[in-house]
Amino acid sequence: DTAVSQTPKYLVTQMGNDKSIKCEQNLGHDTMYWYKQDSKKFLKIMFSYNNKELIINETVPNRFSPKSPDKAHLNLHINSLELGDSAVYFCASSQEGRPYEQYFGPGTRLTVT
Amino acid sequence: AQSVTQLGSHVSVSEGALVLLRCNYSSSVPPYLFWYVQYPNQGLQLLLKYTSAATLVKGINGFEAEFKKSETSFHLTKPSAHMSDAAEYFCAVSEGSNYKLTFGKGTLLTVNP
């Protein structure tokens, strides 16, 4: 049983397109996150939602918009994709009171051509 | 502001040798510290965590880390490397119980037969 799942695993698209990445967790956690890992493996937080409320919003272009329809889902929509958006995007979740103990999904490798 | 520095982007050891991966942190408040491991093409997995209890922390797969406040360090060790330990290792810091994890740039561990 997958704890944190992401779809798709790979995404190849052209500049200017709009795409979405979906994330679901079946751990009953209250908080979910999106991270971006660049080509040098540097991992940086983008967003965090707690009980469907945005609690972390790092300096990310407004072309990126997270959406949390419920506690178990946090989707990432990206408008007008650029070459620099190519990266691996990880979703993670954590339980109430233990935000530092995060469980990561397998990642979505986005390639923008 | 919190930050993490991992010394050495690549560490290579022989099977059976000691593993030492270095991590130094900066934090304006007592930190929570973590080591995560990323196997090829997978998400991150929590190895161990320090949350202000015992300074010597034991994790999974025989790894341990020691919190040294005077040195602002949280180095990861394992007495005897195994081939299956080959992976990317990330040190991370959180200022108390906030939701934001700040990651180091990672150290790639290779284990030679």
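Report yes if A:Gln102 is within 14 Å of chain B (Cβ to nearest Cβ), surrounded by fewer than 21 Cβ atoms within 10 Å (Cβ to Cβ) and either more than 22 Å from B:Lys100 (Cβ to Cβ) or in contact (Cβ under 8 Å) with a residue 40 or more places away in the chain (or both), otherwise no. Even if it seems obvious, please write down each step before you answer.
Numbers: within 14 Å of chain B (Cβ to nearest Cβ): yes; surrounded by fewer than 21 Cβ atoms within 10 Å (Cβ to Cβ): no; either more than 22 Å from B:Lys100 (Cβ to Cβ) or in contact (Cβ under 8 Å) with a residue 40 or more places away in the chain (or both): yes.
The answer is no for A:Gln102.
Going by what's in this entry, would B:Val29 be described as among the β-branched types (Val, Ile, Thr) and part of a loop (DSSP other than H, G, I, E, B)?
For B:Val29, the condition - among the β-branched types (Val, Ile, Thr) and part of a loop (DSSP other than H, G, I, E, B) - is met.
Across region B:64-99, what is the total count of residues that are in contact (Cβ under 8 Å) with a residue 60 or more places away in the chain, within 11 Å of chain A (Cβ to nearest Cβ) and charged (D, E, K, R)?
1
Among the residues of region B:2-28 satisfying the criterion of being among the hydrophobic types (A, V, I, L, M, F, W, C) and either within 13 Å of another protein chain (Cβ to nearest Cβ) or touching a helix residue (DSSP H, G or I) at 6+ places or on another chain (Cβ under 8 Å) (or both), which is surrounded by the most Cβ atoms within 10 Å (Cβ to Cβ)? Show your work before the answer.
Of the residues in region B:2-28, the ones among the hydrophobic types (A, V, I, L, M, F, W, C) are B:4, B:7, B:11, B:13, B:17-21, B:23.
Narrowing further to those that are either within 13 Å of another protein chain (Cβ to nearest Cβ) or touching a helix residue (DSSP H, G or I) at 6+ places or on another chain (Cβ under 8 Å) (or both): B:4, B:19.
Values: B:Val4: 22, B:Val19: 19.
The extreme case among them is B:Val4.
Among the residues of region A:31-41, which ones are under 17 Å from B:Ser3 (Cβ atoms) and open to solvent by less than 10 Å² (accessible area, probe 1.4 Å)?
Within region A:31-41, A:Tyr35 is the sole residue that qualifies.
Search region A:33-60 for residues that are more than 8 Å from chain B (Cβ to nearest Cβ) and pair each with any residue that is part of a loop (DSSP other than H, G, I, E, B) and open to solvent by less than 70 Å² (accessible area, probe 1.4 Å) when their beta-carbon atoms are under 6 Å apart and the residues are at least 6 apart or on different chains.
From region A:33-60, the pairs are A:Met46/A:Glu58; A:Met46/A:Val60; A:Asn51/A:Asp30.
Hey, does region A:42-49 have a residue that's open to solvent by less than 20 Å² (accessible area, probe 1.4 Å), polar (S, T, N, Q), closer than 19 Å to B:Gly43 by Cβ and out of contact with any Lys or Arg (no Cβ under 7 Å at 6 or more places or on another chain)? Steps first, answer last, please.
Narrowing region A:42-49 to residues open to solvent by less than 20 Å² (accessible area, probe 1.4 Å): A:43, A:45-48.
Keeping just the survivors that are polar (S, T, N, Q) gives A:48.
Within this subset, residues satisfying the condition of being closer than 19 Å to B:Gly43 by Cβ are A:48.
Imposing the further condition that a residue be out of contact with any Lys or Arg (no Cβ under 7 Å at 6 or more places or on another chain) reduces the set to A:48.
Within region A:42-49 (the criterion being open to solvent by less than 20 Å² (accessible area, probe 1.4 Å), polar (S, T, N, Q), closer than 19 Å to B:Gly43 by Cβ and out of contact with any Lys or Arg (no Cβ under 7 Å at 6 or more places or on another chain)), the answer is yes, since at least one residue qualifies.
Checking the structure you have, find out if any residue of region A:96-106 is among the aromatic types (Phe, Trp, Tyr) and farther than 26 Å from B:Phe34 by Cα. Before you say what the answer is, go through the steps one by one.
Within region A:96-106, the subset among the aromatic types (Phe, Trp, Tyr) is A:100, A:103-104.
Filter once more, keeping what is farther than 26 Å from B:Phe34 by Cα: none.
Looking for residues that are among the aromatic types (Phe, Trp, Tyr) and farther than 26 Å from B:Phe34 by Cα, one finds none in region A:96-106, hence no.
The values are calculated or read from the model by the stated rules, or taken from the named source; none is laboratory data. Fair warning: this is a prediction, and the values are worked out from it, not measured in the lab. Heads up, the Cβs are rebuilt from the backbone with ideal geometry, glycines too, and the neighbour counts pull from every protein chain shown. Accessible surface is based on the protein model in full, side chains and every heavy atom, while ligands, DNA and RNA are left aside. Shrake-Rupley method; radii C 1.70, N 1.55, O 1.52, S 1.80 Å.
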